[in-house]
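Contents: one structure, followed by commentary.
Laboratory data are not the source of any read-out in this text; all were calculated from the coordinates shown. Worth saying up front: this structure is predicted, and the values here are computed from it rather than measured. Don't worry about glycine lacking a Cβ; one is built from the backbone with ideal geometry, like all the others, and counts go over all protein chains shown.
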Amino acid sequence: MYSYKSLGLVNTKDMFQKAVKGGYAIPAYNFNNMEQLQAIIQACVETKSPVILQVSAGARKYANQTMLRFMAQGAVEYAKELGYEIPITLHLDHGDSFEICKDCIDSGFSSVMIDGSHHSYEENVKLTKQVVDYAHSQNDYVTVEGELGVLAGIEDDVVAEESHYTQPEEVEDFVKKTGVDSLAISIGTSHGANKFTPDQCTRNEEGILIPPPLRFDILQDIEKILPGFPIVLHGSSSVPAEYVNTINKYGGQMKDAVGIPEEQLRKASKSAVCKINIDSDGRLAMTAAIREVMAKKPEEFDPRKYLGPGRDSLKKLYAHKNENVLGSAGRA
């Protein structure tokens, strides 16, 4: 077994308390490879932002859990080398069983999510409490995120055809029975780059799809029931048109891609929402840069020559999110 403290990592307890009080959200960025991780750390050090490094089940399969653990340890040392030590959490995104959560805790993760939202309410409570009991019993307290409600869309192994909004009346009971440290809720965000169908949206004068607004009324009801309790938003990429247009310009086929407007995420981050997950935007930023290099320089075959621009594009995106959307810049 490994303790996350030996890797230089922190859990989310103190991080979330400060975010709720300060009216900002911690960025939770997914990574699968070195370039993504470099971009995250560079952007967060330069903007002096705390960060949550998220690992999905798909990332564990792709990169290997041992590699990921030591990449996170390397990220801690890299931040120091860049000249500013920031709080870094290594978090399991969408763990769907006790076994995978236990495995991550034992291998040095400082935070895990147990997603029992695909079960009945009673089974969700039972599974979540099992993970919480194990995580909180460690010598170094591991924080646990639960989920109530279902987000539509596709993200790695997480698939749901339709959303089910979180029921505010269930929240207090769920938190009390499970002991979770934070709660992911469903208020209209969605996984993937096609978060809404065209029929669910309106179009502006330029023909750009405008998604339906988030259900801030549900969020406000939850805040009244559990004042100050850390809330998490999944599926919160904004799917910037500039990346989609670049991808399509250089051979991609992304039709009707639409995300969550950044002004709505900024509004959410000023509330009890203290963690906002962003994955698809990073994929888009990197893919757009790589496609452009490949199209303009078809003779290029050195991976550094296209992964490098991809990394630079990612860094720019993450710095923007920290400074202008989440409000986390300057909080480390």
Kirkwood hydrodynamic radius of segment 99-139, from inverse mean 1/r over distinct Cα pairs, in Å: 10.6 Å
Distance between modelled label sites at ASP173 and LYS48, nm, 7 Å Cα→Cβ extension: 4.6 nm
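Give me the percent relative contact order of the chain, please, defined on Cα pairs under 8 angstrom at least 6 residues apart. If you can, show how the numbers build up before the last one.
Details: 676 pairs, mean separation 73.4, N = 332.
It comes to 22 percent, rounded to a whole number.
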Sites SER271 and ALA295, calculated FRET efficiency, Cβ-Cβ separation with R0 56 Å, nearest 0.05: 0.85
At 0.890 mPa s and 25 °C, Stokes D of the chain from Kirkwood alpha-carbon radius, µm² per second: 123 µm²/s
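Per residue of the chain, what 222 nm ellipticity follows from adding -39500 (n - 2.57) for every DSSP H run with n ≥ 4, rounded to the nearest 500?
My calculation for the chain gives -13500 deg cm²/dmol from helical runs alone.
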Which listed pairs, of LYS18/LYS102; LYS48/LYS316; LYS255/LYS316, have C-alpha distances above 18 Å, in listed order: LYS18/LYS102; LYS255/LYS316
Fraction of antiparallel bridges per DSSP, the chain only, in percent to nearest 5: 15 percent
Computed lengthening from LYS61 to TYR84, 0.36 nm per intervening residue step minus Cα-Cα distance: 5.1 nm
By average C-beta atoms within 10 angstrom, highest first, the peptides 249-257, 40-48, 54-62: 40-48, 54-62, 249-257
Viscosity 1.002 mPa s, temperature 20 °C, Stokes-Einstein D of segment 189-332 from Kirkwood C-alpha radius, µm²/s: 129 µm²/s
Contour excess over end-to-end distance, with Cα ends at LYS255 and GLU206 and 0.36 nm allotted per residue: 16.1 nm
Computed over segment 11-149: relative contact order in percent, which uses C-alpha pairs under 8 Å that are six or more apart: 22 percent
